[in-house]
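Engineer: Quick one: the structure is below, questions incoming.
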Ligand code: GRG
């Protein structure tokens with residue numbers, strides 16, 4: 001699987017379809033009947049999204065020889081936790097966003113009460129899926145317990161929620177790139193890191209390999225958030241006028257330093273995957289994709305590069321083409 005022969009779009013499309021089919025199974029086939037809550041859950045989790053985190057679980061798991069049928073429950077659980085975080089984050093008490101994945105956000109479509117409950121339901125459902133006795137029979141109870149604990153840690157107070165809470169306490173004017181990196185490592189990075197670690201743990205990776213995957217994913221998660229900030233800078237001015245107050249990496253570090261940081265993070269990712277040869281090409285391509293989704297430049301001549309100014313290298317992005325493969 002040399003780089004030249006590797007078809008990233010095809011790779012992503014195939015894995016996205018595995019994830020979409022499994023999510024459909026968990027959320028539709030496992031729940032007969034309808035309710036507004038179920039409609040809101042399916043509305044938010046089944047239609048749209050790049051499936052970046054669960055694809056990462058599959059990609060790392062495949063590198064270590066894990067079978068897809070044992071990876072999918074954990075990959076889908078991570079995606080459901082991500083979907084819940086998006087619903088809650090969009091609520092007026094937090095980001096107050098009217099749009100998500102190219103359509104009205106959950107609370108705009110179903111009201112705040114149902115949106116709150118849909119987020120709660122998705123979080124709970126993720127643990128229902130991971131604790132399925134059939135999965136425990138395949139992996140063994142001790143390993144499943146370890147995986148669930150890993151996910152809980154990343155999603156909760158020591159991870160995503162802790163990062164979000166810290167962000168609410170940020171004092172304007174005292175935010176430095178270092179402070180932002182610290183909270184991004186929790187808010188966005190913890191779930192991405194765990195998505196990758198789950199694949200390695202399920203695949204039985206040795207300690208040194210798990211450490212390499214962890215460092216790869218930590219750098220990837222940070223690059224993901226920083227490039228999201230760059231893409232957001234465009235949206236803020238056009239679509240989210242009430243977001244102009246929010247400090248993000250680009251506004252705090254400036255375009256040149258932001259661009260350098262993304263390049264360094266990509267180099268970190270590639271270095272960690274170096275020992276694995278061609279088998280790690282999907283993970284290298286995922287890292288290139290994340291780092292280069294702003295075309296590698298946070299800025300040109302001191303200006304933010306607008307997402308619509310240049311052709312994309314590795315796939316369509318938020319704010320540009322909404323229902324793309326990745
Ligand atoms: C409020 C429960 C709660 C958590 C808050 C992760 C988080 C913490 C909030 C989600 C909103 C947000 C802006 C997170 C930053 C991470 C990020 C870039 C999310 C968007 O992820 P993508 O691009 O979205 O993977 P898709 O739609 O492709 O899944």
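Bear in mind these aren't lab numbers, they're just calculated from the coordinates by the rules spelled out. Just so it is clear, the model here is predicted, and its values are computed rather than measured. Here the Cβ is made from the backbone with ideal geometry for all residues, glycine too, and neighbour counts use every protein chain on show.
Engineer: Take residue 256 and residue 67, extend 7 Å from each Cα along the Cα→Cβ direction, and tell me the distance between the two endpoints in nm.
Structural biologist: Here the answer is 5.6 nm between the modelled labels.
Engineer: Taking square-rooted eigenvalues a ≥ b ≥ c of the alpha carbon gyration tensor, is the range 1-86 rounded, prolate or oblate, where a/c under 1.5 means rounded and, failing that, a/b exceeding b/c means prolate?
Structural biologist: prolate
Engineer: Same structure, new question: With label points built 7 Å along Cα→Cβ from the Cα atoms of residue 211 and residue 132, find their separation and express it in nm.
Structural biologist: That separation, rounded to one decimal, is 3.5 nm.
Engineer: While we're here: Give, as ranges by residue number, the residues of the range 90-127 whose backbone N falls under 19 Å from the point 7 Å along Cα→Cβ of residue 37.
Structural biologist: Answer for this model: 106-127.
Engineer: Which shape class, rounded, prolate or oblate, goes with the range 11-151 when its Cα gyration tensor gives a ≥ b ≥ c as root eigenvalues, a/c under 1.5 marks rounded, and past that a/b bigger than b/c marks prolate?
Structural biologist: Prolate, because a/c is 1.5 or more and a/b exceeds b/c.
Engineer: So how do 221-232, 174-185 stack up, highest first, on mean other-Cβ count within 10 Å?
Structural biologist: 221-232, 174-185
Engineer: Under 1.5 on a/c is rounded, so check that first for the range 105-178, then, if it is not, pick prolate when a/b is larger than b/c and oblate when it is not; a ≥ b ≥ c are the square roots of the alpha carbon gyration tensor eigenvalues.
Structural biologist: Oblate shape, in that a/c is at least 1.5 and b/c is the bigger or equal ratio.
Engineer: Note the full-extension length gain between residue 13 and residue 94 as 0.36 nm times their separation in residues minus their Cα-Cα distance, in nm to one decimal.
Structural biologist: Between residue 13 and residue 94, full extension yields 25.9 nm more.
Engineer: Suppose R0 equals 22 Å; then what is the FRET efficiency for residue 112 and residue 168 from their Cβ-Cβ distance, rounded to the nearest 0.05?
Structural biologist: Efficiency for this residue pair is about 0.75.
Engineer: Share of Cα-Cα pairs in the range 98-234 beyond 25 Å, in percent?
Structural biologist: 40 percent
Engineer: Residue 267 to residue 145: extension gain in nm, 0.36 nm per residue of separation minus the Cα-Cα distance?
Structural biologist: Stretched out fully, the residue 267 to residue 145 stretch lengthens by 40.5 nm.
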